[in-house]
1. Give the average, rounded to an integer, of partner chain Cβ atoms located within 10 angstrom of each Cβ in C:205-216.
2. Which of the peptides D:296-303, B:443-450 is most tightly packed, and how do the rest follow, going by the mean number of other Cβ atoms within 10 Å of each residue?
3. Take every residue in peptide A:16-28, count the Cβ atoms of other chains within 10 Å of its Cβ, and give the average of those counts.
4. Under a point spin-label approximation (7 Å from Cα along Cα-to-Cβ), what is the residue B:376-residue B:120 distance to one decimal in nm?
5. Report Rg(Cα)/(2.2 N^0.38 Å) for region C:51-314, keeping two decimals.
6. Using a Förster distance of 60 angstrom, determine the FRET efficiency expected from the C-beta separation of residue B:313 and residue B:184, and round it to 0.05.
7. How large, in Å, is region B:329-398 by the Kirkwood hydrodynamic radius built from its alpha-carbon pairs?
8. Taking 0.36 nm per residue of sequence separation and subtracting the Cα-Cα distance, how much length would be gained by fully extending the chain between residue D:156 and residue D:270, in nm to one decimal?
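Read the figures in this text as sums done on the coordinates, not as results from a lab. Note that the structure is predicted; figures quoted are calculated from it, not measured. All Cβ positions, even for glycine, are placed from backbone atoms using ideal geometry, and neighbour counts span all protein chains on display.
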Ligand SMILES: Nc1ncnc2c1ncn2[C@@H]1O[C@H](COP(=O)(O)OP(=O)(O)OP(=O)(O)O)[C@@H](O)[C@H]1O
Ligand SMILES: Nc1ncnc2c1ncn2[C@@H]1O[C@H](COP(=O)(O)OP(=O)(O)OP(=O)(O)O)[C@@H](O)[C@H]1O
Ligand SMILES: [Mg+2]
Ligand SMILES: [Mg+2]
C-alpha cells in the first residue's frame, strides 16, 4: 500500500502528531495496561506527539471511540488488546489514512496492524528455569482471564518446563479476573498446598496476591518461588521472585511510532515484538542470582539464542488472517 | 383543646373545633363517617400537625408536634387502623415504647409478662403474648392494641372505635375497664358508632359533624334516636324490606375441613347450606376459624377435606380492610376497579374503559355517601368508615349470587350501616338489584356483633373452635348464643351436673 | 410533615446541590484540571452536535432504556428483579447464536427472529428465580443476583467453546452476517433501528400497564399482593410468572439489539453493569415508562460525555466514575428540589412498595 | 480428589474467603434491619481498603490500618446517609452513586499518590494469631483458632449482634424502625436517628472488611473489592438478617469458592468457567433446599417519611 505510506509520511510532516491509546482496563495496574500508557508517554516525550488515552468499558463502544479519535486527527491509534480487532477493521476501512495498531490482534488490513508480543518466548525460558528449580517436580500457573496471549504464555512455560524434565507436573488455575488480589492469593495458596513450589502467573495487579501467597508459604518455612510476568517484576517482591518473563511494551510502541513518522510503517502485515528485537526475554532477579546454578545461567543463554535463531521452536497459538485490502 | 383546624388539600377536616375533657370521666366522641373524630385525636396524639390549635393539658399550654410530645403530655391512643408490627410477637409489640422499658437495656420481658398477668386478672383482657401478630385475627389484634395502651399507663386514653370487632362479652369488659380507669382519675376518650355503648358507658358526649362540634351533652339528657338525629340530621331505623321465602341452594359445604399453617385444625367437618334469598348469620368470638371459613366460602381457598359447591358471582367483604380489601396507595376508582377487571361492561377486549369506570365510581360515591374529595383520592386519605364504604360499594355490586360479609359494618356510622343493611336486603329480593335483573342472592353474615346477627339472620350458626353449631329457631336468645360462642356448649355446665344428680 | 419541614428540606436539597457541584469542581481543581474544560467536554461529548447526540448519546441510551423498562415492569409489579444483567447476557447469547445461523435468510425474517430468541432467552433466564419464588418461597433479590454471575461465566464458556470464532483462537464469536445487522436510521451517525424498537417498547408498555386489565392487575400486585388476591380475585402466581417473563424478555431483547446493532458478535464484558445502572434509570424515572426514555437518554449522555472527558480534557478514567457519581448525586438533590416545588399535598404514612426478598 | 489435600486446609481456605464477606454482611444486615438497603457498601469496602492501606503504610501498623479502614468505610456511608436520610433520596440510586464514587475516587487518590501507571505498594500483613489451648483441639483447632484477627472479631461480633438485636430494647427499636417506621415513631422512637446509626455501623464494618482485604493481600489496587458488596447483600438475604445464619451463609460461599480452586488445580479438564460458576450455582441449589419464606424487614428500601404522589 504505497498510497497509505504517502498519506502517512505526508501527515508526519505536519506539526501536530497525534497518538491515541485505548485500553480496556485501568492503566494503574502496574502491568499490561500500565506499560501501554508508559508507551504513549514515551512517544510523547521522544517525538513530542499530542497523546490521548481512553479506557473503554464495553465492546459496544469500541467503534464509537475509535471513530471519535480517527475523525479528530489521531493518525496513529494503539488499540491495546485483541478485543479491539473487529472494531479496528471496521473503523480502519472508514479512515484509510489512519493506522490502528491492535496489540496481540489476529486480523490485519492495509492500515490495521497487529502488534504481536512473543511473550511465550520469555515464558518458555521461565519454564526451563522453573523445572530446573523445582524440588517437588510440580510447578504452577495462576491465570487471570483465559485469553490467547495469556494462554500462549502458559503453553510456552509448560513446553519450556517439559523440554528439560518431562516428569514435571504443571498445574494451572484461572481466577476469572485480572485484579482480584484475594482470589489470586487463594488460587496460589491452593497450588502450593498441592505441592507446586515454583509459581508463575499471568494476571495484572492480581499478581501481588500470588507473590503474597509465596511470601507466606516461605514464612512457614516452605521452599517456594514465584516468577514475574509481562513486565520486569523482580523488584516487586525481590525476596521471592526468581526472575520475570518480560515484554518491553513501551519500547515496542515507540519503535512503531518512529516507523510511522519515518513513513516506514509496515502495511498489511503484523509487527512482531519478540526475541530478535529484544522485546521479549527472561530477566533473572539479580538479588537471587545466587540461587541459580552456573550451568543453569548458561542454559538460559543458550535457550535464548536457540529461540532467536529458530533452533528451538516455541509453541505459539493464534494466527493471522488478512481482511479486505489487496496484496 | 381549642380552635383546632386542619385542612387536607383544600378540604377542611377540622374547622375551629373546641374539645374539653376532665380527669375521671369517660368522654364519648361521636359523629358520622369522616366527621373528623380520628383526625382530632391524631392531632392530640401528635400524629397530625394541625394548621392551628391551642392545646391545654391539666391547665398548662402544651404544644404537641410529635408523638413524643404527646407521650410526654401523658396522651395515649388506640388507633382505628392498628399501629402494630405484624412480624413481631405480641410481647415485642407491647414492649415497644413501653415506659417500663429502660432505653437500651435488657428487655424486661419478665416485667411486661407480669404486668400482662395483672391486667388479665383485673380485666380479663388477654392474648397469648408469644404469638406473632400476623397470625392473630383482627379481634385479637384489637385486643393487643388496647393492652399496648393500658401498659403505657397514660393519663389521657383515647380509644378510636375499639369495639367494632369485639365480641359482646369483650365489649362489656372494655366498658368496665373504662369505668375503672375513670375512677383512677384518668381521662378516657371513646370514639364509637355504637350509640347504645355511648349512652351506657360515657359521662359526657361530644358530637362532631363535618369537622365542627354540633352538640355537647350528657347521656341522661339524650338517647340513641336523639344522638343519631344530631349526627346525621335525620331519623334512622327505617323498616327494612322483609325477605321472601328462600329459594334454590347457592352454597353447600359438606364435612369441609381446613388445616392451618401449623397443621392445626381450623375447620372441623363443617356442614352449611345457603339458599337464595336468605341470610345465614354466623356468630362467634374472633379467632375460631372464621378466617378459613370465609376464604373457602368466597372461593379463595380450597378446603383440605369435604366437598364445596359455590356459585359464580360472589361478593366478599373481608374483616381486614387495610390488608385484604384495599390498596392504600391506589385511588378510590382503582380500588373499585379491582372488582371490575373481569366485568365485560368495563372492558373492550383487553382494554379497561377507565372513563366508564370513573363515571360508575362517581355514581357509587354519591349513592354510598363516601366523603372524599374526588374519585381520584387515595383511599389512605379516607376516614376509616369511608374506606369501609368503598369496600361495600365494590363487593355488593359483585354479589349477584352470594355475599360473604365479615363484620361488614365495622367503622360505619348509623346511617351508613342502615344503608348497607338496605342494600344487603335488596340482594335477597328478586330482580330488585338496580341495573341487573339477575337471580336473587344468598348472604352469609359472619359477625362478632350479636345484634347484627339476631336482627337480620334467617338461619343462625355459631362457630366455635372450627366447628359450626346450628342454632334452632326455638332457642334463639342472646344468652343461649352468647354461651355457645364462649363455651361451645348448648346446655351450661351446672344444669348438666344437676341432670346427673337425678340418677 | 409540615410546610416548615418541607422548606427546610428544600434548603437542604439546594445546599446539597451546590455542595456536590462545588465538591466536583474542587476535586477537579485539586487534581489540576479545569472544571470548566471538563464540563465543556462532558456537554460537547453528549450534546455537542446532532451527530454526537444521535451517534453517541442516543446509541448508548438504547440498552439502558430497554433494560430500564425491564426493571420498571418488575418493580411496578412488586417484583425485585436485580437480574437484568444476567437476562441481558442470556439474550445476547441466544441472539448471536441465532444471528450466526440465519445469515442467509432475508433481514425482515432473520432480524425479528434474533429479537424473538433473545427475548425468549432472557425470559427463560428469569424463569428459574420466578419458580423458586413461587414454589419454594425463595426471594428473587438474591436468586436474580446469583443468576447474573452464572450468566457472566456462561458467556465466557460460550465464547471459548461452543460458539468460538471459526479460527478457534479468540474468546469471541464470529461476526454475524451483514443481513442480520440493524440498519442505521440516521445516515452518518451510528443511530440504528434499535432506538425505534426501544421507543415502541416504551409506548407499548405504558399502554399495557395503564389501559389493560392485566396491566392493572400487575400494578395492583405491586401495591398489595394480598388485596389483589382477595379483592382482585387474581391468581398471584400467574401474575408473578407474567412479570418475570415480561421483565426478563425485555432485558434479553436488549441483548439481541446490542448484538445486531453495535457489536455484531458476542464478547465478554458486553455489559458494564447495565443491569444495575438500569435500576437507577428506572427509579429516577419514578417507574414511569415514558420517563424511562428520558432518564435512559440522560445516562447515555453521561457515559458518552464521560468518554469525551477522557479524550478531550485528558481526565483519567478513574476520575470519570467519580464525576459520574457526583453528577448522579446532584441530580438526586435537584430531584428533591423539584418534588418540593411541584408538590401539592403531602400524604401521611403510606407504604408505596412492599419488598419481599 | 482430597487425597493430596487435607480437609483441614480446605476449611481453612473457606474461612479465609468467608471472613470479609461475613463482616460486610453482618454490618449490612444491621443497616437493613433499620429498613435501609445500602447497595453502596461496595464503595465503603474499597474506601476502607485504601484508607486501611494508606494508614498501615504511614504508621506501619496493622491496627491503625484496620481502624482507619473502618473510618474510611464509615465516611462513604455518611455520604449515603446524608442523601437517604437528609434528602430522602431513593436508597438504590444513592447506593449506585456511592459505589461509583467509592470506586472512582479511591482510584483517583491511589493514582495521585502512586502515579498514573500505579506502583507496587507493600504493606504490613495480617499475621494469623493462635489461641493458646483451643488451637490444640484436633481438626477444629487449626481451622478456627489459627486465623487472622478479623476472624476472631467475627467470633465476637456474632453473639454480640444477636444479643443486641433480640435481647435489648435498642435492638427492638431498630427492628421496629425497619418493620414499620410509622409504628416506631408513634412509640416515640427517632426513626432517622436510628437509621443513621445503622447506616454508620454498616459503613464501618464494610470499611473494616476492605482494610482486611488490603492487609491480608499486603497491597492495595483499584477495584480490589471485586463486587463483594453485591455478594454480601445476597449473603444477608441467605442469612435471613440473622447474625448466625449470615455467617453460615458467608462460610458456605467461602467454601464453594475454595472448592472451586481445589477442583481446578486437581487438573480436571472441565472448562474453567464452570469452576468459576460453582459458588453461585451451589448457593442457588442451597437456596432451593431452603424452604420457608425469607421475610425482609417490612420497610426495607422505602423512603421515610413516605414520598408524596
Ligand atoms: N391524610 C389525609 N389526607 C387527606 N384527607 C384526609 C386525611 N386524613 C383524613 N382526611 C379527611 O379528613 C376527614 C376526617 O377524617 P377522620 O378520619 O377524622 O374521620 P372520622 O371521624 O374518624 O371518620 P370515621 O368514623 O369513618 O373514622 C375525612 O373526610 C377524610 O377524608
Ligand atoms: N399461624 C398461626 N399460629 C398460631 N395461631 C394461629 C395462627 N393463625 C391463626 N391462629 C389462631 O388460631 C385461631 C383461628 O385462627 P383464624 O385466623 O382463623 O382466626 P379467625 O377465625 O380468622 O379470627 P378473625 O375472625 O378475627 O379473623 C385464632 O386464635 C388465631 O389467632
Ligand atoms: Mg375514624
Ligand atoms: Mg383472621
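1. That works out to 4 on average.
2. Highest to lowest by the protection proxy: B:443-450, D:296-303.
3. Across A:16-28, the average partner-chain Cβ count within 10 Å equals 3.
4. 5.3
5. This ratio for region C:51-314 stands at 1.00.
6. FRET efficiency, residue B:313 to residue B:184: 0.65.
7. Over region B:329-398, the inverse of the mean reciprocal pair distance is 12.0 Å.
8. Taking residue D:156 through residue D:270 to full extension adds about 37.0 nm, to one decimal.
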